[in-house]
Amino acid sequence: MDVLKITGSKPLQGHIRASGAKNAMTKLLVASLLSDKKCTFYNVPNIGDVEITVNLCKEIGSEVKWDKAARTLEISTSELKTTYVPQRYCGSNRIPILMIGALLGRTDQDIIVPTIGGDLIGMRPIDLHIHALQKLGARIEYRGMKKEGAYFAQAHQGLSGTIITLSYPSVGATENTILAAVRAKGTTLIKNAAIEPEIIDLILFLQKLGANIMVDVDRTICIEQATQFHDVEHTVLTDRNEVASYAVAAVSTKGRVFVEGAEHHNMIAFLNKLREVGGGFHVRSNGIEFFYDQPLRAGLHLETDVHPGFMTDWQQPFVVLLTQAQGASVIHETVYENRFGYTHTLKEMGADIELFTQCLGGKACRFATNNHHHSLVIKGPTPLKGKEISIPDLRAGFAYVMAALLSPDESTITNVDFLDRGYEDLVGKLSSLGANITRLTIKKGEIPPIPTLTGVDSRALAL
């Protein structure tokens with residue numbers, strides 16, 4: 001088992017390079033299954049979720065050459081060896097469900113995807129995926145299978161374009177529908193679609209591959225059937241979640257960090273909120289420099305939302321930043337209903353946080369009457385103390401790393417594999433910025449077990 005040992009109270013200073021986006025690269029690998037052509041990717045992050053997705057694609061029949069040092073990857077799938085997603089992949093991340101959309105147009109066999117996994121942050125129901133794919137002509141059913149059950153999907157008669165209106169602009173449902181629509185006869189319209197930068201990156205890749213796709217101003221995506229495919233070269237956009245993480249780490253530790261490759265146009269909502277609390281940044285031609293400029297001020301009202309709003313993956317490290325700001329701030333989580341479970345540990349470290357089931361904000365919220373703790377009030381500044389911490393999910397994991405960087409005490413962090421899923425060379429990058437952080441491999445039992453995080457809804461395993 002690997003653990004992190006962190007002793008904080010040192011400002012982060014220096015220069016790092018942003019990695020390719022986890023939420024783009026994993027989907028691009030799945031999209032490559034649409035054709036038998038060679039796809040070459042650049043700026044590929046060496047992270048756990050990409051490794052898992054590569055191995056899954058190999059199981060399906062892909063040939064992959066991945067030069068991790070050069071950050072390049074070639075993949076081609078001349079034929080499918082199987083349409084069954086092995087059970088061992090379905091507890092690792094949420095990629096397997098996208099195999100349905102990608103493979104429906106390539107095979108008339110049943111596509112079998114066991115129950116889906118992912119971070120424990122709230123319900124991620126796949127009914128939006130299922131309804132959209134069914135409207136395109138797929139037959140999908142859930143069957144009991146071993147201990148978990150599985151989704152069986154097929155389109156023996158082929159798929160046909162149609163008009164699909166999503167009840168919520170779900171990223172996953174939008175991606176799955178796009179993938180299926182590329183091979184569907186005629187034209188497909190997706191209304192109320194998600195338009196995150198990672199989805200636009202997927203669309204750019206698919207256009208190179210041979211698809212005709214248009215994004216309209218009213219969240220409508222139009223996909224025409226692709227009948228001819230081409231070899232593709234594609235550079236993956238940089239990871240805006242990683243950029244935001246290092247940005248708030250720099251500001252909260254009173255440091256200065258230049259993030260090479262940070263893309264301004266994908267960070268607008270984040271940068272606005274950072275400036276509101278007094279954080280400094282300079283946009284350069286090749287990245288963004290983040291720095292502590294003045295005592296941080298609270299009084300912030302922040303509501304997470306789908307793009308172009310404030311991203312839900314940004315709020316966890318931002319909460320830690322607000323522990324160092326003078327005054328009270330309010331955060332209203334509107335994307336996932338159970339994303340504040342990580343605050344229990346922050347409170348034990350000294351943070352002044354109170355959770356509410358009410359909507360503390362003006363945005364329409366799906367959780368208004370569901371009795372979920374999806375709003376909080378945080379007061380600062382508060383000193384944070386070191387602690388033994390168990391990471392429950394990826395973004396909470398970086399929030400804990402940040403909290404440890406702010407404490408003069410030593411913290412021990414376990415479940416480091418969660419961080420490996422989305423942060424490339426975390427220890428190396430933080431060490432280069434002056435952080436006192438080491439990664440150790442220890443034998444089981446050398447540190448006492450850490451209690452499981454409270455407040456996590458186990459139903460989240462249903463995606």
In the range 206-225, residues that are part of a loop (DSSP other than H, G, I, E, B) and surrounded by 16 or more Cβ atoms within 10 Å (Cβ to Cβ) total 5
Checking Met402 against (1) in contact with a strand residue (DSSP E or B) (Cβ under 6 Å, 6 or more places away or on another chain); (2) at pLDDT 95 or above, which single condition isn't satisfied?
-> (1)
So which residues in the range 245-279 are assigned to a helix (DSSP H, G or I) and touching a helix residue (DSSP H, G or I) at 6+ places or on another chain (Cβ under 6 Å), if there are any at all?
-> Ser245, Val248, Ala249, Ser252, Asn266, Phe270
For residues in the range 250-301 being surrounded by fewer than 21 Cβ atoms within 10 Å (Cβ to Cβ) and either assigned by TED's automatic domain parsing to the domain that holds Pro197 or of a type in the set (Val, Ile, Thr) (or both), which is nearest to Gly8 (Cα to Cα)?
-> Val283
Flagged in the range 388-419 as surrounded by fewer than 19 Cβ atoms within 10 Å (Cβ to Cβ) and assigned to a helix (DSSP H, G or I), in numbering order, are Asp417
Determine whether Thr412 is touching a residue at least 24 places away in the same chain (Cβ under 8 Å) and assigned by TED's automatic domain parsing to the domain that holds Arg339.
-> yes
Which one of these is in contact (Cβ under 8 Å) with a residue 40 or more places away in the chain, of a type outside the set (A, V, I, L, M, F, W, C) and closer than 23 Å to Val182 by Cβ: Tyr84, Tyr42?
-> Tyr42
Please work out which residue is surrounded by the fewest Cβ atoms within 10 Å (Cβ to Cβ), limiting yourself to the range 25-38 and to residues that are touching a Phe, Trp or Tyr at 6+ places or on another chain (Cβ under 8 Å) and farther than 12 Å from Leu202 by Cβ.
-> Asp36
Look at Glu242 and say whether it is in contact (Cβ under 8 Å) with a residue 60 or more places away in the chain, out of contact with any Asp or Glu (no Cβ under 6 Å at 6 or more places or on another chain) and not in a helix (DSSP H, G or I).
-> no
Say we look at the range 107-134 and pick out the residues that are surrounded by fewer than 18 Cβ atoms within 10 Å (Cβ to Cβ) and modelled with pLDDT of 85 or more; which of these is farthest from Ser78 (Cα to Cα)?
-> Asp127
Just checking, how many residues over the range 316-343 are within 24 Å of Gly14 (Cα to Cα) and either free of Cβ contacts under 8 Å to residues at least 12 places away in the same chain or among the polar types (S, T, N, Q) (or both)?
-> 3
Which of the residues belonging to the range 417-461 are under 20 Å from Ala404 (Cα atoms), touching a His at 6+ places or on another chain (Cβ under 9 Å) and at pLDDT below 95?
-> Leu453, Thr454
Residues in the range 65-76: is at least one modelled with pLDDT of 95 or more, on the phi > 0 side of the Ramachandran plot and not polar (S, T, N, Q)?
-> yes
Tell me, yes or no, whether the range 280-298 has at least one residue that is farther than 30 Å from Pro383 by Cβ, assigned to a loop (DSSP other than H, G, I, E, B) and touching a strand residue (DSSP E or B) at 6+ places or on another chain (Cβ under 9 Å).
-> yes
The condition from (1) in the same structural domain as Pro308 (by TED's automatic domain parsing); (2) part of a helix (DSSP H, G or I) that Ile199 misses is numbered (1)
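This table checks each residue for (1) touching a Ser or Thr at 6+ places or on another chain (Cβ under 8 Å); (2) among the basic types (Lys, Arg); (3) assigned to a loop (DSSP other than H, G, I, E, B).
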| site | (1), (2), (3) |
| --- | --- |
| Tyr336 | yes, no, yes |
| Gly350 | yes, no, yes |
| Glu354 | no, no, no |
| Leu360 | yes, no, yes |
| Lys363 | yes, yes, yes |
| Thr369 | no, no, yes |
| His373 | yes, no, yes |
| Gly386 | yes, no, yes |
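The values are calculated or read from the model by the stated rules, or taken from the named source; none is laboratory data. On a predicted model such as this, the values are computed, not experimentally measured, just so you know. Don't worry about glycine lacking a Cβ; one is built from the backbone with ideal geometry, like all the others, and counts go over all protein chains shown.
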